[in-house]
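Below is one structure; the comments refer to it alone.
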Amino acid sequence: MKRWLLSGAAILNPNEVAEKVNILIEDGVISLVSKKDLHSNISYTTRGIVSAGLINSHDHLLGTYYPKVGNGPYENWLPWDNDLKSSPIYQERQQIENRDLYLLGAYRNLVSGVTTVSDHMPHFVAEPFYDLLPVKAIREYSLAHSVNSFALSWGDDIEREYKKAVEEDIPFITHIAEGFDSETQRDVETLDRKGGLGEHSVLIHGIAFTERDMDLIKKKGATVVWCGDSNMFMFNKTTNIKMLLDKKINVCIGTDSPMSGGLNLLEEMKFDKKLYKKLYGEELPDETIYRMVTVNPAKGFRLYDAGTIKEGNVADLVVVRDRGGSYVNSVVSAGLKDIMLVVINGMPAYGDVEFAEVFDALGIKYQEIVLDGVEKVVIGDLKGLLRRISKAVGFKKEFPFLPVEF
């Protein structure tokens, strides 16, 4: 039985903080959260802020590469996809094995404090790689690529995919209203007519949402994922996020692929905060952003034991450096250097070198790396991955979302 203790922690939950708390982790689960003295043979006193692991609500791990490609604004996703696939950067990416692109995307998420990612890809493409990853990808989902007539052929028809979601209590994930052509502007109406709009629906982008669309989404209980950086890069426009929030629709944040979207979830949170201020002349509260990367995606993706620190929940945790001010601001404003420790299924996966003793005590093999000038430890062979990618493309390929010396 794997049993260990994070002691003396400052913990952050939505609408709640606590100090000098002990978190006992047993067999991958948070078994006890208490201010009383707890004991374990393996114990570590942390100086940071402990949060539930962050959830990236939209990514395409196979599409992980850099730099961004595109010359928007585009009418919809299709001309961007055509530009992408005709670009030299895409041809460069094609020299890399799919396994290594998946690992690259997973490490991009891990070092930014993400413990779970929604990888929007067909099962037959993605499933061979999920057991290799250092983070958790959501495995149980149904999907469509998008709603319009030029959608890629992912999954069965929408009606069957949504029926499967309801029967198995899993999310039904699709891009929607991603553009300005007349067909795309009717996506919500089309999805509803095809039987794909309901409380299991997770709707990505929504740039063309009207207020009528939002009222229907609210009525049906669907979730929306906001990818502000990707939207602005491809379309120079994003969804009316203020209206979505005002209507109390369940909204999450996703990065999208770094070939169109944010470098990582930390940068996405900061980008979205600035974008909101630019669009509406007011601040998007840190507490709202924090919910959009924790409890909101846990709800939308039916992750019933995730999103908060409480007894019985899965021990997916991130420890973030205290930057002063509020605890929630320390998380929402964090940079890569501020991610002190990431715990997935109760086991450390990445962290500052000072946590190496916890890895050792738990028998976890790790690699020592230097990321953005800071000594870290990480599971797997990240340096070997970056060397393989460089060998595949014929030169030393460096990524700003993984600033690792190799």
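The values are calculated or read from the model by the stated rules, or taken from the named source; none is laboratory data. Quick caveat, the model's predicted, so the values are computed rather than measured. Virtual Cβ from ideal backbone geometry, glycine too; neighbours counted across all protein chains shown.
Across the stretch 322-338, the number of residues qualifying as out of contact with any helix residue (DSSP H, G or I) (no Cβ under 8 Å at 6 or more places or on another chain) and under 18 Å from F401 (Cα atoms) comes to 1. Checking S43, S86 one by one, the residue that is without any contact (Cβ under 8 Å) to a residue 40 or more places away in the chain and either among the hydrophobic types (A, V, I, L, M, F, W, C) or in the same structural domain as F180 (by TED's automatic domain parsing) (or both) is S86 and no other. Annotation: N76 fulfils all but one of (1) more than 18 Å from the chain's Cα centre (by Cα); (2) exposed (fewer than 14 other Cβ atoms within 10 Å of the Cβ); (3) under 30 Å from E199 (Cα atoms); the unmet one is (2).
Of the set (1) out of contact with any Leu (no Cβ under 9 Å at 6 or more places or on another chain); (2) surrounded by fewer than 16 Cβ atoms within 10 Å (Cβ to Cβ); (3) touching a residue at least 40 places away in the same chain (Cβ under 8 Å), all apply to L12 but (2).
Where in the stretch 38-121 are the strands (runs of 3 or more DSSP E), entirely inside, with at least 2 residues that are closer than 30 Å to D322 by Cα and at pLDDT 95 or above?
49-52, 54-59, 114-119
The residues of the stretch 121-137 include none that are surrounded by 24 or more Cβ atoms within 10 Å (Cβ to Cβ) and either closer than 21 Å to L197 by Cα or more than 14 Å from the chain's Cα centre (by Cα) (or both). Of all residues in the stretch 310-349, exactly one satisfies the criterion of being basic (K, R) and without any contact (Cβ under 8 Å) to a residue 24 or more places away in the chain, namely R323. For the stretch 290-305, enumerate the residues that are outside any helix (DSSP H, G or I) and surrounded by fewer than 22 Cβ atoms within 10 Å (Cβ to Cβ). Correct list: R302, L303, Y304, D305. Residues considered: S86, S118. Of these, the only one that is out of contact with any Pro (no Cβ under 7 Å at 6 or more places or on another chain), surrounded by fewer than 15 Cβ atoms within 10 Å (Cβ to Cβ) and of a type in the set (S, T, Y) is S86.
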